[in-house]
Every structure is written in structure tokens, then in C-alpha cells.
Amino acid sequence: MAAIKNVAVVGATGKIGGPIVARLLESKLFNVTVLTRDRGRQRRFPPGVAVKEVDYDSVESLEAALRGQDALVSAVAFEAIDAQKNLVDAAVQAGVRRMIPSEYGNDTLNPKLAAFPIYQPKIAIRERCERKVAENPSFSWTTIQNASFLGPDWTLDFIVDVKQRRADIKDGGDVLFCATTYDDIAQAVIGTLTHLDETANRPVRISSVNTTQNELIAIAKELGATDGWDITHSKTEDLEVEALRRWAEGDHSDEVIAMFINRAFIGDGWGGYFPVRDNDLLGIKGLDREGLKAIIKLAIDR
């Protein structure tokens, strides 16, 4: 498969999209174009990034912007996942050869997740890509699955809040899960675009480190966060039941979404831990315990 040179990015100002754009530029392998609703945001992007204003509700607008692009990387937020339908259609019509939809997170090929409403939009986009490949063999896709996000503003608040010394320990706290930094997610994009044949039409599974809630708390205490912990306990099976009930009643709050997510990546066998990963193929070195400690220290001190 011919090398990728021109790469378009959607959602480039977000926590995932920002590092992706930075790493694409840093690699010096690609010409980077950002698609945005507001061209006035151009000042927010590094020098060397082309900016094209688009209408995400118009396949024609997106197709015109994607003409000449070899790859499309989407990092749209959870609320905009469904809007990628037009991106998929436009990418195919424009001749884009590889699309990376915004599916960062859990293993959506795990059949258990198909029953959760928060994952159904992601699954629908992947299945749309699969249908387009069958119709247009020159088109291909890759999804990046990283389980949990690892950073002071996500894992270390969402799973264990080491700053506030607060945690809800789920299923005993020793369930192993994968956690991935934003930088390693960006490296997975680089690795995918430089290993097209090996990553075609499949998910790649990555992890910076494999850890547990109890390990995160132990490290935080080792770093000096010893006193004043507010610890509660729950079972992800109970969270699943409660989340499904409340969602069916119309409660789509962040609290309910968090229940689904916790079941998905901490519940044993739900796809939050990848025994086989693509780190080596994609050039992801990951973190040792000292690297994990450094991130926890940042979270404590911020």
C-alpha cells in the first residue's frame, strides 16, 4: 500500500486531537490539514497546519475538503460520534485511503459492550466503515482502543482522585486494566499510518501501562498522599444494573455514563484489559513504574 502523505484531522483542539496534530507535525512525515467549523480558530494551530472550514452536516462540503487527502483522523468528542457518518461517506467519495474514526477507549468488539447505549454510536460508525470497505476496496479503516486514558485530568480523577484523596474502589480494586497516555495514543496514529497493511480494517489495542485502583492508591501514598482518604466500595455488576435502569428512564447524565464506563473497563472480562497489544508494531514504548509514579506526582501537585 502506498505511503500516506496528506492527513486531515477532525477534532484537533481536543485532549486527544491536540497531541495527534503535534505528533503528526513532529514526525515530519505528513502534511497536516485541520477541518473545522470556524476558520477563525486557525490561530490555535501550530505553524505548518493548513485549516479548512467545513459544514459537518454537508457531505459535499466535507468531500470537497477531503479531496487530495490520503488519511482522515477523527478525534471528535463523545457527543459528536454520530456526526462521523457524513465523514465516513465523504472520505470514501473523496478517495481517502485510511480513516481512523474516534473510537478511543474500550474494546467495542467485545459483545458485552454492544448492549450499552453509550457504545452503540461508536459501533455503528465502525460497522459503517466495514460496509464501505466491502463496496470500495481502496478505502480502509483502523480503530485505536486504549481502554482508559492516563493523565492527571482523567484516570487520576475518574478512577482514583489522588489530589482530593478520594476513590470508589470497584470489584475489590485489584482488577487489572489498561491505561494509555494521550501521547501514546498520538503515537498509535503515527504507527498506524506508517504500517498500513498490518493495521488495515481492524482495531489496534494499546496500553502505556497496566495497573489497578489499589496500585494507584499505593503509589499515591508512597509519594506522600497518606492521610485523609475517602474510600468507598462498589461492584460494577450493580453499577451496570443501575445504569441500564436509569438510562431507560431517560437519565443520560454524566453520572450514569460513568457507571457504564466503569463496568466496561474495570469489570472483569469486559474489554478494559488487553492481553495482546500492538505496542511494538506501533512504536509505543509505554511506561514503567517510575513513569507511572511521575504522572501520579503531577496529579497530586497540580
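The values are calculated or read from the model by the stated rules, or taken from the named source; none is laboratory data. This one's a predicted model, so the numbers in the text were calculated from it and none came from an experiment. Virtual Cβ from ideal backbone geometry, glycine too; neighbours counted across all protein chains shown.
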> Are any residues in segment 66-78 surrounded by fewer than 24 Cβ atoms within 10 Å (Cβ to Cβ) and among the aliphatic types (A, V, I, L, M), and if so, which ones?
Replying inline: 76, 77
> Applying the selection to segment 59-101, what residues are among the polar types (S, T, N, Q), closer than 25 Å to residue 195 by Cα and part of a helix (DSSP H, G or I)?
Replying inline: 84, 93
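Residue-wise test of (1) small (Gly, Ala, Ser); (2) surrounded by fewer than 15 Cβ atoms within 10 Å (Cβ to Cβ); (3) out of contact with any strand residue (DSSP E or B) (no Cβ under 8 Å at 6 or more places or on another chain).
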position: 207; (1), (2), (3): yes, no, no
position: 228; (1), (2), (3): yes, yes, yes
position: 252; (1), (2), (3): no, yes, yes
position: 270; (1), (2), (3): no, no, yes
>> Being under 27 Å from residue 120 (Cα atoms), touching a Pro at 6+ places or on another chain (Cβ under 7 Å) and not charged (D, E, K, R): is that true of residue 247 here?
In response: yes
> Restricting attention to segment 1-51, which residues are within 16 Å of the chain's Cα centre (by Cα), part of a loop (DSSP other than H, G, I, E, B) and among the charged types (D, E, K, R)?
Replying inline: 15
>> Taking the criterion of being under 22 Å from residue 232 (Cα atoms), buried (at least 18 other Cβ atoms within 10 Å of the Cβ) and in contact with an Asp or Glu (Cβ under 9 Å, 6 or more places away or on another chain), would at least one residue in segment 177-189 satisfy it?
In response: no
>> What are the pairs with Cβ atoms under 7 angstrom where one residue, in segment 220-243, is assigned by TED's automatic domain parsing to the domain that holds residue 262 and the other, located anywhere, is assigned to a helix (DSSP H, G or I) and surrounded by fewer than 16 Cβ atoms within 10 Å (Cβ to Cβ)? Sequence gap at least six, or different chains.
In response: 223/293
> So which helices (runs of 4 or more DSSP H) are wholly in segment 184-302 and hold at least 1 residues that are more than 23 Å from the chain's Cα centre (by Cα) and not polar (S, T, N, Q)?
Replying inline: 213-222, 236-248, 289-301
> When segment 7-30 is examined, which residues are found to be more than 14 Å from residue 192 (Cα to Cα) and surrounded by fewer than 19 Cβ atoms within 10 Å (Cβ to Cβ)?
Replying inline: 13, 14, 15, 22, 25, 26, 28
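Okay, residues lined up against (1) of a type outside the set (S, T, N, Q); (2) in the same structural domain as residue 253 (by TED's automatic domain parsing); (3) in contact with a helix residue (DSSP H, G or I) (Cβ under 8 Å, 6 or more places away or on another chain); (4) modelled with pLDDT under 95:
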| position | (1), (2), (3), (4) |
| --- | --- |
| 48 | yes, no, yes, yes |
| 67 | yes, no, yes, no |
| 72 | yes, no, yes, no |
| 75 | yes, no, yes, no |
| 84 | no, no, yes, no |
| 87 | yes, no, yes, no |
| 90 | yes, no, yes, no |
| 93 | no, no, yes, no |
| 99 | yes, no, yes, no |
